[in-house]
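Right, one structure below, let's go through it.
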Amino acid sequence: QVQLVESGGGLVQPGGSLRLSCAASGSIISINPMGWYRQALGKQRELVALITNSGSTNYADSMKGRFSIFRDIAKNTVYLQMNSLKPEDTAVYYCKGTRRFIDYWGQGTQVTVSS
């Protein structure tokens, strides 16, 4: 069983930055991959970024250059640094991890980009 807890969401103005955190209940080395997804109101959940246990990363095209996924293995935490935020980035952001072919999701954290 893996528990994932997100934090760091909130209200930010367009052009601003936020850093989301996803804390895992165990070693993140055993969770592969870990990633961030988001779901805007009335839309399907979509991939934001992934990181593998080797440290390789992958981003959705619309996030490349603005978002960065990275991890702190000692803290069992994966982060999502979001810069140059736009109103269309408004969504609930979810952390997901896969271990032994089972997907685990966090409860989500709301990000609202508005002036």
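Looking at region 6-22, which of the residues that are farther than 21 Å from Gly35 by Cβ and outside any strand (DSSP E or B) is least open to solvent (accessible area, probe 1.4 Å)?
In this case the residue turns out to be Gly16.
Give the residues of region 17-55 that are of a type in the set (Ser, Thr, Tyr), at pLDDT below 95 and over 21 Å from Gln1 (Cα atoms), sorted by residue number.
Passing the criteria: only Ser54.
Among the numbered conditions (1) touching a Ser or Thr at 6+ places or on another chain (Cβ under 6 Å); (2) open to solvent by 20 Å² or more (accessible area, probe 1.4 Å); (3) part of a strand (DSSP E or B), tell me where Asn32 comes up short.
(3)
Return only the number of the condition from (1) open to solvent by less than 50 Å² (accessible area, probe 1.4 Å); (2) closer than 20 Å to Gly8 by Cα that Glu46 does not satisfy.
Among (1) open to solvent by less than 50 Å² (accessible area, probe 1.4 Å); (2) closer than 20 Å to Gly8 by Cα, the lone unmet condition for Glu46 is (1).
Failed condition for Gln81, given (1) more than 13 Å from the chain's Cα centre (by Cα); (2) touching a residue at least 60 places away in the same chain (Cβ under 8 Å), with all others met?
Of the numbered conditions (1) more than 13 Å from the chain's Cα centre (by Cα); (2) touching a residue at least 60 places away in the same chain (Cβ under 8 Å), the odd one out for Gln81 is (1).
The values are calculated or read from the model by the stated rules, or taken from the named source; none is laboratory data. The structure presented is a predicted model; accordingly, all values stated were derived computationally and were not measured. A quick note on method: Cβ atoms are made from the backbone with ideal geometry, for glycine too, and the neighbour counts reach across all protein chains shown. These accessible areas exclude ligands, DNA and RNA; they are computed on the full protein's heavy atoms, side chains included. Shrake-Rupley method; radii C 1.70, N 1.55, O 1.52, S 1.80 Å.
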